[in-house]
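What follows is calculated from the coordinates using simple rules that are stated; it is not laboratory data. Every value quoted in this text rests on a predicted model; they were computed, and no experiment measured them. No Cβ is skipped: glycine too gets one built from the backbone with ideal geometry, and neighbour counts run over all protein chains shown.
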Amino acid sequence: MSTQPIKLMVVGAHPLDAFERAGGTIAKHLARGDQAMMVTLTAGVVTHAFGFFPPTGDDKLKDIQRVKELKWAEFVRACKVLGATAWKTLDFPESPMLLGQAEYVTMVNILREFRPDVVICQHPIEVGRQDHMDAGRFVVAAVDYCRTEGFPSPLAPHTVPNLFMSYYQDFRSEQLTGAAQHAPGVIVDITATFEKKVEAMQEFGGTQSKGKENWRQEWRDGMAAIDHGIGYYHGLGYAEQFTRLNVQKVQYLL
C-alpha cells in the first residue's frame, strides 16, 4: 500500500460510467487523502438520455446541445458528491466513437498535465457496449502514447505506472477472446463507500429516468445487486473488480 498520496484518473465513455465502475474505489482513495480526476469522453446523449427527443423528425435533435449541458452538469455534481479533486467533460463523437488524431492529442495532454499514478478505464472487449469497448481501446492507446517523446504535445511525457480496466463479466466477451472465462485480478472492498457511490450516481436521475419509474431506488437496488454479488463471491460486503493491463512486478509473494 502506498504511504504517499497518489493521483488516480478514471475515464469513461459516458458521464455515468466512471461512477458506475469505480465510484466506490475512488471514494475510498479520496477518503485516504489521494487525488482523483474523473473524465467523460462524451456527453452521453445518444445512449444515456431518455425522454428528450421525439422518435422521428428531421429536427428531432434540435435540443441536443441543451441536453449535453444537462448531462455535463450532472457529471460535475456527481464529482462534487464523490469529492473528486478534478474533472474533465469532453464532447467526443458518440455511438460510434470515431476517434482520431485530435482526440488522442486532447487525451494525452490531459494525462500529461494531471500525471496520474493510476488510470482506470473500461475494458476493450466489453461486447454489447460498443462505446465502452471503443473508449477502453482509446484510453489504453492514449496511455501508451503519453510516454512517447515524439508525440505532438507541448507537455512532457509521462509514464502511467498502473492501468486498470473495469470488467463486467459477460459470456460474449469470453467468446471474443476465444479463451476460458476471464477472472478479474483485483477486487476492491467498497463496503464503506458504497452509499457514497450511489449518492453520486443518483445525480444522473434527471436525464436517465424512464417514465414514472423510481429511478433512484431502482438504480440503487441494481448497483447493490451487482456490487454485492462481486463482494459476496469474494467474502466481502460490496466490491468493484478490475483487471491489470500489465502484470504486477514484485520481489516476494508476501
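Please compute the contact order of the stretch 34-112 in relative form: average sequence separation of alpha-carbon pairs under 8 Å and at least six residues apart, divided by the residue count, as a percent. Please list the in-between numbers first.
Details: 65 pairs, mean separation 36.2, N = 79.
Relative CO of the stretch 34-112 lands at 46 percent.
Among 17-25, 62-70, the peptide with the highest mean count of other Cβ atoms within 10 Å heads the list, and the full ranking is 17-25, 62-70. Shown here: Cα extents along the principal axes in Å, derived from the displayed model; of the candidates (i) 62, 47, 41; (ii) 45, 42, 39; (iii) 50, 36, 35, it corresponds to (i). According to the square roots a ≥ b ≥ c of the eigenvalues of the Cα gyration tensor, what is the shape class of the stretch 55-124, taking rounded for a/c under 1.5, prolate for a/b larger than b/c otherwise, and oblate for the remainder? Oblate, since a/c reaches 1.5 and b/c is not below a/b. Whole-Hz Karplus values for the stretch 43-48 come out as 7, x, 6, 6, 10, 10 Hz, taken residue by residue from phi with 6.51 cos²θ - 1.76 cosθ + 1.60 and θ = phi - 60°; glycine and proline positions read x. Dipole orientation for the chain: of the candidates 127, 242, 98, 242 has the Cα lying most toward the positive pole (charges on Cβ; Lys, Arg +1; Asp, Glu -1).
In terms of its C-alpha gyration tensor, the stretch 1-105 has a prolate overall shape, because the principal axis ratio a/c (a ≥ b ≥ c, square roots of the eigenvalues) is not below 1.5 and a/b outweighs b/c.
Taking the chain as a Gaussian network of alpha-carbon nodes connected by springs under 10 Å, the highest mean-square fluctuation of the residues 75, 53, 242 belongs to 53. Amide H contacts under 5 Å for residue 239: 190, 228, 230, 231, restricted to partners 5 or more places along the chain or on a different chain, H placed in the peptide plane at 1.01 Å from N.
With a Cα cut-off of under 15 Å and a minimum spacing of 8 residues unless on different chains, the lysine pairs in the stretch 59-130 number 5.
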